[in-house]
Amino acid sequence: MAAPLIQANNISLAKKGRTLLSSINLSIYKGQIVTIIGPNGAGKTTLIRILLGLVKPTSGSVSRNHALTIGYMPQRIRLNQQMPLTVHRFLTLGNKVSDDAIKQALGRVNMGGMSNASMHTLSGGENQRVLLARALLRKPDILVLDEPVQGVDINGQSALYQLISQLRDELNCAVLMVSHDLHIVMASTDEVICLNQHICCHGHPESVSNHPAYLALFGDSANSSSVAVYTHHHDHTHDIHGSVINDNKH
């Protein structure tokens with residue numbers, strides 16, 4: 001088997017005497033889709049930031065494949081509503097990419113013809129597709145997606161997850177994403193990691209959905225036929241570079 005693109009070795013993180021993550025071990029391989037689920041405050045985004053090298057763990061280590069290229073899609077971004085900003089201009093911020101590359105990326109996420117549209121008038125689904133196009137412009141070995149269907153309606157969520165699966169196949173890249181709903185990603189995920197400061201259980205989504213630790217964590221809602229397993233809220237947003245911005249409104 002090929003070496004993992006990213007591997008976490010017994011990583012833990014504590015701040016001010018509070019344990020945020022404990023003894024996390026995981027490996028992400030090329031061509032694999034891994035989804036992290038867990039309740040609010042479980043440490044999902046913190047784990048992502050450690051894997052990306054943005055936060056240093058208190059103990060343990062993270063190894064990354066040499067010359068690994070990562071395409072990061074934040075859950076949301078905050079843009080100045082008073083600043084005119086087209087989709088095309090947004091995709092060039094911090095990126096040295098050609099017009100042709102932008103056209104191809106937008107076309108691949110079904111946003112062709114939207115290059116001159118204002119970022120401020122996009123729907124939730126359109127906004128997420130633009131963020132995905134931005135991640136694709138890096139030609140990533142691994143796509144890291146934090147709540148990629150945030151603000152997207154139910155039909156749009158299904159379509160977006162199908163697109164993510166197609167991109168994995170086309171690019172032969174890995175996908176690591178955070179999701180609030182196990183059931184809707186089941187068909188699009190190879191492995192699920194159920195996180196609550198530590199890894200409660202992991203494996204194929206069907207096995208995780210029946211695991212006692214998962215059922216104990218989510219209770220009756222775990223077997224609910226409703227679309228959402230639970231409602232997840234972040235207490236922060238990101239700028240266009242993926243940096244965290246505190247947001248007391250959430």
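If I ask for residues that are of a type in the set (Gly, Ala, Ser) and either under 24 Å from residue 65 (Cβ atoms) or buried (at least 19 other Cβ atoms within 10 Å of the Cβ) (or both), which ones from the range 126-168 would you list? Step through it out loud before you land on a result.
As a first pass, look at the range 126-168 and keep what is of a type in the set (Gly, Ala, Ser): 133, 135, 151, 156, 158-159, 165.
133, 135, 165, listed by residue number.
When you check residue 195 against the structure, is it at pLDDT 90 or above, in a helix (DSSP H, G or I) and either aliphatic (A, V, I, L, M) or over 19 Å from the mean Cα position of the chain (by Cα) (or both), yes or no?
Working: at pLDDT 90 or above: yes; in a helix (DSSP H, G or I): no; either aliphatic (A, V, I, L, M) or over 19 Å from the mean Cα position of the chain (by Cα) (or both): yes.
Answer is no for this residue.
Conditions tested, residue by residue: (1) farther than 18 Å from residue 214 by Cβ; (2) touching a Cys at 6+ places or on another chain (Cβ under 8 Å); (3) among the charged types (D, E, K, R); (4) assigned to a strand (DSSP E or B).
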residue: 8; (1), (2), (3), (4): yes, no, no, yes
residue: 12; (1), (2), (3), (4): yes, no, no, yes
residue: 20; (1), (2), (3), (4): yes, no, no, yes
residue: 23; (1), (2), (3), (4): yes, no, no, yes
residue: 35; (1), (2), (3), (4): no, no, no, yes
residue: 39; (1), (2), (3), (4): no, no, no, no
residue: 42; (1), (2), (3), (4): no, no, no, no
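Among 146, 190, which is among the acidic types (Asp, Glu) and within 23 Å of residue 88 (Cα to Cα)? Step through it out loud before you land on a result.
Working: 190 fails: within 23 Å of residue 88 (Cα to Cα).
Only one candidate passes the filter, namely 146.
Picking from 150, 162, which residue would you name as being part of a helix (DSSP H, G or I), among the polar types (S, T, N, Q), under 17 Å from the mean Cα position of the chain (by Cα) and at negative phi? Steps first, please.
Values: 150 fails: part of a helix (DSSP H, G or I).
After ruling out the rest, the residue left standing is 162.
Report every pair of residues separated by at least 6 positions or lying on different chains whose Cβ atoms are under 9 Å apart, first residue within the range 133-162 and under 15 Å from residue 174 (Cα atoms) and touching a residue at least 40 places away in the same chain (Cβ under 8 Å), second surrounded by 21 or more Cβ atoms within 10 Å (Cβ to Cβ) and among the charged types (D, E, K, R).
Listed pairs, sorted by first residue: 146/44.
Please find, within the range 13-58, the residue that is modelled with the lowest pLDDT out of those that are polar (S, T, N, Q) and surrounded by fewer than 17 Cβ atoms within 10 Å (Cβ to Cβ).
The first filter runs over the range 13-58 and keeps only residues polar (S, T, N, Q), leaving 19, 22-23, 25, 27, 32, 35, 40, 45-46, 58.
The next check asks that each one be surrounded by fewer than 17 Cβ atoms within 10 Å (Cβ to Cβ); those that pass are 19, 23, 25, 27, 40, 58.
Details: 19: 92, 23: 95, 25: 96, 27: 94, 40: 84, 58: 95.
Step by step, filter the range 13-58, then rank; the result is 40.
So which residues in the range 174-192 are modelled with pLDDT of 90 or more and assigned to a helix (DSSP H, G or I)?
none
Out of the residues in the range 69-107 meeting the condition of being touching a residue at least 40 places away in the same chain (Cβ under 8 Å) and outside any loop (DSSP other than H, G, I, E, B), tell me which one is nearest to residue 30 (Cα to Cα). Working first, answer last.
Taking the range 69-107 first, the residues touching a residue at least 40 places away in the same chain (Cβ under 8 Å) are 69-79, 87, 90-91, 93-95, 97.
Filter once more, so that each one left must be outside any loop (DSSP other than H, G, I, E, B): 70-73, 77, 87, 90-91.
Working: 70: 12, 71: 14, 72: 16, 73: 18, 77: 28, 87: 30, 90: 29, 91: 26 Å.
Top of the filtered list is 70.
The values are calculated or read from the model by the stated rules, or taken from the named source; none is laboratory data. Keep in mind the model is a prediction, meaning the values are calculated, not measured. Heads up, the Cβs are rebuilt from the backbone with ideal geometry, glycines too, and the neighbour counts pull from every protein chain shown.
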